[in-house]
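J.: Take a look at this one; I'll ask things after.
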Amino acid sequence: MVFVKKKTTVPVSALYMFAVWCLISMTAHADTCLECHSEWEDNDRAPSKLISTDVHFKAGLGCADCHGGDPTLEDMDDVRQYKNYLGVPEPEEIPLFCAGCHSNPAYMIKHNPSLSTDQFDKYKTSVHGKLLLGKGDIKAANCVSCHSVHDIASPRIPTSTVYAVNIPTTCAECHGDAGYMAEYKIPTDQYEKFAGSVHGIALLERNDLGAPACNDCHGNHGAIPPGVTSISAVCGLCHSLIADEFSRSPHKKAFDDLGYPECEGCHSNHLVQKPQHYWMGTSDSSICVNCHAFDDGTIALTSAETMHKSLVDLHDAYTRAESRTNDGELKGMMVTDLRFKLKEVKQFIIKTGTAIHSFNDSVVVKTAEPGLQLANKVYESAAAKIDEYYYRRYGLGIASLIITMLAVLLYFKIKSIGK
Ligand code: HEC
Ligand code: HEC
Ligand code: HEC
Ligand code: HEC
Ligand code: HEC
Ligand code: HEC
Ligand code: HEC
Ligand code: HEC
Ligand code: HEC
């Protein structure tokens, strides 16, 4: 009996201790908000169902950190009466609601020192912010229109609504909806055009994060159309060498004075296409003839002709050299050195494509020239290798003919000796 009693006292007291510990830790960490809401909320998009994926929840923040209230209260009515309870913010209140933490550097630095705290300041200056905060127009985007709510994620997470590849769809929810946007009288084709552009294809089809999404040109929080005179700066974020050439060209000032939108004037903004050589020059389909004529008192069209010729000559020289090199390879020649040089020619093609934005023909000719010479050299080397191949084959043919003839002669000779 004594033995048995002794055996049971140990687990009983351990269980008791465990229960007390549980109670203490439960009260310390209690989140009655989440507990109670999980019990009755059944919709998949309900706060308590979504929250486990939320960046705030993962960082240890709960419902009460955003909505206020005391997360130990057992009753929603008590929560509502609690001094700091904010309830559900109206759309026009949301920016300040989020900014309560996000614009507070002292608070943010404790959680994530690398996060900037300028979102609200920038948002206030955006078309969205001015419309919502200034005019109370709740159709303008607020923080949760772009970030979602209760499942907010870092922009670096591929499922985030603001992950680069998802941004165009996030913006298009409003900007691609003609009914929603009807009263604003702006186009609603940005997504459609972007998706068919070189940028859209790179981003949406090839997941190339180097290509711009809407926010790279419009800003994340300061969403505004770049003004006509700063478009080259926006495109220049990535195409910096081209933007430099353009800024030095006679077009920079001329376009700004005319109110002609810089890069966009020739390339479009949303439907940027792969450039073609015929855009440059004097044919009816060139861009230049839209503004220039031979008798407009400028040298524009004569230089357009020269630049067009440079571009086409270099392109043709490359194509010729490449096809000769391919022939050589098919015939079993070693062409590694030629392939390497062809890559160098490609670099000259890119440099020339950049140089045309100086709209100065002598700069273009000078840039293209070494590429042209190199391409011609490759062509000649490939041709020489192919000649060598034929020379060898020809030589081999003659040699085997002579050997065969000798063998036949020898055969008859032996036969005649045998007789
Ligand atoms: C005992 C259950 C319970 C607890 C605890 C609870 N809620 Fe609720 N809450 C509800 C119910 C039920 C509703 C639905 C609205 C109603 O009461 O009609 C609700 C509604 C809400 C709403 C919608 C706005 C409103 O005022 O109706 C918010 C926001 C909210 N709760 C946040 C919280 C937060 C934050 C906490 C913790 C501090 C919390 N809740 C704790 C049950 C609870
Ligand atoms: C990062 C801040 C944040 C956190 C954390 C948060 N909420 Fe919200 N909640 C909001 C905002 C902002 C809205 C308003 C959304 C809107 O207008 O679309 C909202 C709306 C709501 C609503 C209104 C109905 C709905 O579904 O949108 C309820 C209920 C609610 N929250 C409950 C909760 C509960 C419960 C939790 C914890 C599980 C929680 N919230 C955590 C910011 C937050
Ligand atoms: C109670 C304070 C608080 C409120 C209110 C709040 N946040 Fe946050 N938020 C944070 C903290 C803290 C982090 C950093 C979490 C981490 O990195 O661990 C964060 C992170 C984020 C991130 C991820 C940033 C990144 O790059 O990783 C986004 C996006 C975000 N919040 C958006 C919002 C939006 C939108 C609202 C309003 C609906 C909001 N937040 C309201 C405190 C808050
Ligand atoms: C028009 C859409 C849009 C609105 C409105 C918007 N954001 Fe963002 N936000 C973005 C995009 C896009 C990014 C991320 C871009 C990236 O880094 O790739 C972002 C990033 C963030 C980040 C991560 C850190 C940073 O600054 O890059 C935080 C935090 C954030 N937003 C908070 C907010 C808050 C708070 C509001 C409201 C005041 C808000 N956002 C309004 C689109 C929006
Ligand atoms: C909730 C809907 C909504 C979302 C989401 C939204 N916008 Fe907007 N946006 C609007 C409304 C409404 C206007 C006001 C149009 C106007 O006044 O011309 C606007 C205006 C703009 C403008 C100024 C247009 C002009 O010339 O007046 C730009 C640029 C813009 N948004 C970019 C974006 C980008 C980029 C995103 C995504 C990161 C985005 N928007 C997400 C509703 C939205
Ligand atoms: C490569 C840069 C770039 C990208 C990417 C881009 N935009 Fe634009 N966007 C511009 C420029 C430039 C303008 C015109 C500015 C001007 O003419 O003043 C513009 C204008 C706009 C306008 C004003 C109305 C209009 O169509 O002229 C809206 C709205 C807009 N963009 C939304 C978007 C959305 C949504 C996306 C993503 C699907 C997007 N933009 C992608 C550069 C870009
Ligand atoms: C965020 C960086 C970024 C911004 C901003 C940007 N681009 Fe691009 N652009 C790229 C990338 C990356 C590619 C290559 C896409 C591909 O692989 O097809 C590209 C390709 C192009 C091409 C096609 C080049 C070719 O040889 O096929 C043109 C033309 C172009 N961009 C013009 C513009 C214009 C005009 C703007 C401003 C309105 C702009 N870009 C803004 C990154 C950017
Ligand atoms: C006056 C018209 C015009 C303007 C303005 C203009 N471009 Fe171009 N761009 C062209 C033409 C024409 C080509 C095609 C050249 C060719 O045949 O390869 C081109 C080619 C390009 C290419 C491809 C270059 C390559 O390697 O083949 C990019 C990228 C580009 N432009 C970006 C820009 C940017 C960024 C701006 C503004 C800073 C700009 N362009 C301004 C006419 C223009
Ligand atoms: C939107 C109209 C517009 C387009 C399109 C345009 N230009 Fe121009 N260009 C101008 C204006 C305006 C000037 C300044 C004229 C002046 O100084 O009298 C100019 C000046 C020039 C100059 C300097 C002329 C000189 O005599 O100093 C050259 C070269 C030039 N453009 C070449 C081109 C080429 C090549 C194209 C096609 C790829 C082109 N332009 C497309 C408007 C345009």
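J.: Regarding the stretch 158-165, can at least one residue be identified that is at pLDDT 95 or above and in a helix (DSSP H, G or I)?
T.: If we filter the stretch 158-165 for residues that are at pLDDT 95 or above, which is where we start, we get 158-165.
Still in the list and also in a helix (DSSP H, G or I): 164-165.
Yes, because at least one residue in the stretch 158-165 is at pLDDT 95 or above and in a helix (DSSP H, G or I).
J.: Is one or more of the residues making up the stretch 71-79 in a loop (DSSP other than H, G, I, E, B), within 8 Å of ligand 2 (Cβ to nearest atom), of a type in the set (A, V, I, L, M) and surrounded by 11 or more Cβ atoms within 10 Å (Cβ to Cβ)?
T.: Filtering the stretch 71-79 for residues in a loop (DSSP other than H, G, I, E, B) gives 71-75.
Subsequent filtering for residues that are within 8 Å of ligand 2 (Cβ to nearest atom) retains none.
No; the residues of the stretch 71-79 include none that is in a loop (DSSP other than H, G, I, E, B), within 8 Å of ligand 2 (Cβ to nearest atom), of a type in the set (A, V, I, L, M) and surrounded by 11 or more Cβ atoms within 10 Å (Cβ to Cβ).
J.: Then there is this: Which number in (1) of a type outside the set (Phe, Trp, Tyr); (2) near ligand 8 (Cβ under 10 Å from one of its atoms); (3) modelled with pLDDT of 95 or more marks the one condition that ALA172 misses?
T.: With respect to (1) of a type outside the set (Phe, Trp, Tyr); (2) near ligand 8 (Cβ under 10 Å from one of its atoms); (3) modelled with pLDDT of 95 or more, ALA172 is out only on (2).
J.: Next up: Just name the residue that is farthest from ligand 4 (Cβ to nearest atom) out of those in the stretch 46-65 that are part of a loop (DSSP other than H, G, I, E, B) and hydrophobic (A, V, I, L, M, F, W, C).
T.: Quick first cut of the stretch 46-65, residues part of a loop (DSSP other than H, G, I, E, B) only: 46, 54, 59-62.
If we keep only those that are hydrophobic (A, V, I, L, M, F, W, C) too, we end up with 46, 59, 61.
Details: ALA46: 22, ALA59: 12, LEU61: 13 Å.
Here the answer is ALA46.
J.: Residues that are in contact (Cβ under 8 Å) with a residue 60 or more places away in the chain, farther than 28 Å from GLN119 by Cα, under 19 Å from the mean Cα position of the chain (by Cα) and surrounded by fewer than 18 Cβ atoms within 10 Å (Cβ to Cβ): does the stretch 227-249 have at least one?
T.: For the stretch 227-249, residues in contact (Cβ under 8 Å) with a residue 60 or more places away in the chain, farther than 28 Å from GLN119 by Cα, under 19 Å from the mean Cα position of the chain (by Cα) and surrounded by fewer than 18 Cβ atoms within 10 Å (Cβ to Cβ): present.
J.: Tell me which residues, restricted to the stretch 202-223, are assigned to a loop (DSSP other than H, G, I, E, B), surrounded by fewer than 18 Cβ atoms within 10 Å (Cβ to Cβ) and out of contact with any Lys or Arg (no Cβ under 9 Å at 6 or more places or on another chain).
T.: ARG206, ASN207, ASP208, LEU209, GLY210
J.: Let me ask something else about it. So for the stretch 22-32 (the condition being away from ligand 8 (no atom under 16 Å from the Cβ) and modelled with pLDDT of 95 or more), does at least one residue qualify? So that I can check it myself, show each step before the final result.
T.: Narrowing the stretch 22-32 to residues away from ligand 8 (no atom under 16 Å from the Cβ): 22-32.
Okay, now just the ones that are also modelled with pLDDT of 95 or more, so 32.
Scanning the stretch 22-32, I find at least one residue that is away from ligand 8 (no atom under 16 Å from the Cβ) and modelled with pLDDT of 95 or more, so the answer is yes.
J.: Only one residue in LEU203, LEU237 is over 23 Å from PHE359 (Cα atoms) and within 9 Å of ligand 7 (Cβ to nearest atom). Which one? Show your work before the answer.
T.: Values: LEU237 fails: over 23 Å from PHE359 (Cα atoms).
Checking each option against the conditions leaves just LEU203.
J.: From the list GLU329, GLU369, GLU305, GLU388, which residue is over 30 Å from ASN290 (Cβ atoms), under 41 Å from the mean Cα position of the chain (by Cα) and assigned to a helix (DSSP H, G or I)?
T.: Values: GLU369 fails: over 30 Å from ASN290 (Cβ atoms); GLU305 fails: over 30 Å from ASN290 (Cβ atoms); GLU388 fails: under 41 Å from the mean Cα position of the chain (by Cα).
So the residue among GLU329, GLU369, GLU305, GLU388 that is over 30 Å from ASN290 (Cβ atoms), under 41 Å from the mean Cα position of the chain (by Cα) and assigned to a helix (DSSP H, G or I) is GLU329.
J.: Further question: Output the number of residues of the stretch 168-191 satisfying the condition of being touching a residue at least 60 places away in the same chain (Cβ under 8 Å) and in a loop (DSSP other than H, G, I, E, B).
T.: Number satisfying all stated conditions: 1.
J.: Residue under question is THR125, and the condition is that it be within 26 Å of the chain's Cα centre (by Cα) and farther than 25 Å from PRO168 by Cβ; does it hold?
T.: Numbers: within 26 Å of the chain's Cα centre (by Cα): yes; farther than 25 Å from PRO168 by Cβ: no.
Criteria not met by THR125.
J.: Scan (1) modelled with pLDDT under 95; (2) buried (at least 20 other Cβ atoms within 10 Å of the Cβ) for the single condition VAL345 breaks and write down its number.
T.: Just one mismatch for VAL345, condition (1).
J.: Being within 26 Å of ASP208 (Cβ to Cβ) and in contact with a Gly (Cβ under 9 Å, 6 or more places away or on another chain) narrows it down to one of THR169, THR159, so name that one. Give the steps one after another, and end with the answer.
T.: Details: THR159 fails: in contact with a Gly (Cβ under 9 Å, 6 or more places away or on another chain).
After applying the criteria, what remains is THR169.
J.: Just to verify a result, which residue in the stretch 198-228, among those that are under 29 Å from CYS143 (Cα atoms) and of a type in the set (Val, Ile, Thr), is modelled with the highest pLDDT? Break it down into steps so the answer makes sense when it comes.
T.: As a first pass, look at the stretch 198-228 and keep what is under 29 Å from CYS143 (Cα atoms): 199-228.
Then keep just the ones that are of a type in the set (Val, Ile, Thr); that gives 201, 224, 228.
Details: ILE201: 98, ILE224: 81, VAL228: 78.
Selected residue: ILE201.
J.: Of a type in the set (S, T, N, Q) and surrounded by fewer than 10 Cβ atoms within 10 Å (Cβ to Cβ), is that true of SER400?
T.: Values: of a type in the set (S, T, N, Q): yes; surrounded by fewer than 10 Cβ atoms within 10 Å (Cβ to Cβ): no.
It is false that SER400 is of a type in the set (S, T, N, Q) and surrounded by fewer than 10 Cβ atoms within 10 Å (Cβ to Cβ).
J.: Out of curiosity, is SER148 within 17 Å of SER52 (Cα to Cα), in contact with a Leu (Cβ under 9 Å, 6 or more places away or on another chain) and more than 16 Å from ligand 9 (Cβ to nearest atom)?
T.: Working: within 17 Å of SER52 (Cα to Cα): yes; in contact with a Leu (Cβ under 9 Å, 6 or more places away or on another chain): yes; more than 16 Å from ligand 9 (Cβ to nearest atom): yes.
Yes.
J.: Go through (1) more than 8 Å from ligand 8 (Cβ to nearest atom); (2) in a loop (DSSP other than H, G, I, E, B) and name the single condition PRO275 misses.
T.: (1)
J.: Still on this structure, please answer the following. For THR298, indicate whether it is more than 16 Å from ligand 7 (Cβ to nearest atom), free of Cβ contacts under 8 Å to residues at least 24 places away in the same chain and among the β-branched types (Val, Ile, Thr). Outline the logic, then answer.
T.: Working: more than 16 Å from ligand 7 (Cβ to nearest atom): yes; free of Cβ contacts under 8 Å to residues at least 24 places away in the same chain: yes; among the β-branched types (Val, Ile, Thr): yes.
Yes.
J.: Please give the number of the condition ARG45 fails out of (1) in contact with a helix residue (DSSP H, G or I) (Cβ under 6 Å, 6 or more places away or on another chain); (2) loosely packed, with under 12 Cβ neighbours inside 10 Å.
T.: That leaves (1) as the condition not met.
The values are calculated or read from the model by the stated rules, or taken from the named source; none is laboratory data. What you see is a predicted model; the values in this text were computed from it and never measured. FYI the Cβ positions are ideal-geometry reconstructions off the backbone, even for glycines, and counts take in every protein chain you see.
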